[in-house]
Amino acid sequence: MLDIATQKSFTQRFTAIRKLKKEQLVSDTQKISFTLKDVGQNSFFEYLGKTWFIKDFNKYEETSDDFKSKKGYFIYELTCLCLETGKTANFEWEFDDELEISMTLERLSFRNLKDDAGEAIDEDDLDQIADDKDVIVINGEKFWYEDDWASIYYRGSREEKVYMYEFENENHTKYLTIEEWSGSGKDEYQIYTSSPIDPDSISIISKGDI
């Protein structure tokens, strides 16, 4: 008999498969030009031999540092379910001269982060690290300061303030992002690594709700 977690995983995947609609399938000729930029929630795509279902579709909009002025530049976050494994991962895309896509790898906490001297860091150190354009170390791997910026996160009709701190490893093959979420009375943090993806490595199966 399957345990409860496995049963739940199978149920989620079967529910997702039932949302595949014939009229939303992408033809072989369309697959040449279709990218993640052309699909919406409840769509399906293939990446590295696995099939992914977009179960949630949200976005960040860059703002001024005080969150008052919106700049009209968006990063789209796709929460995706792998039909073969039951794994959930976020794919993000943005368009700045060309399409850029990344995939989350690992969720972390401040206890995983060190400074260049091997000392622990916490949320109180972030602004100084950004000002100094300093480095953060994870299991011996260095991530160099890349950027920090404010944004509004749109989750349906709800808007939340998020301040982003972005870092990159030396080979430009992995990113570290620290998100500072405010508005619930105290700041909360989401920390994760991600990697860039070649847009051509993703094949769209269906367009979903667009």
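Could you say whether any residue in region 105-126 is outside any helix (DSSP H, G or I), touching a residue at least 12 places away in the same chain (Cβ under 8 Å) and within 21 Å of THR63 (Cβ to Cβ)?
Filtering region 105-126 down to residues outside any helix (DSSP H, G or I) leaves 105-109, 113-122.
Of the ones still in play, those that are also touching a residue at least 12 places away in the same chain (Cβ under 8 Å) are 105-109, 113-116, 118, 121-122.
Next, from what is left, pick out any that are within 21 Å of THR63 (Cβ to Cβ): none.
No; the residues of region 105-126 include none that is outside any helix (DSSP H, G or I), touching a residue at least 12 places away in the same chain (Cβ under 8 Å) and within 21 Å of THR63 (Cβ to Cβ).
Taken over region 1-44, residues that are exposed (fewer than 12 other Cβ atoms within 10 Å of the Cβ), charged (D, E, K, R) and closer than 19 Å to ILE202 by Cα amount to 1. For region 109-158, which positions are surrounded by 12 or more Cβ atoms within 10 Å (Cβ to Cβ), farther than 24 Å from ASN171 by Cα and acidic (Asp, Glu)? Result: GLU123, ASP125, ASP127.
Since every read-out is calculated from the coordinates, none of them should be taken as a lab result. What you see is a predicted model, and the numbers here were worked out from it, not measured in a lab. For neighbour counting, all protein chains shown are included, and Cβ atoms are generated from backbone atoms with ideal geometry for every residue, glycine included.
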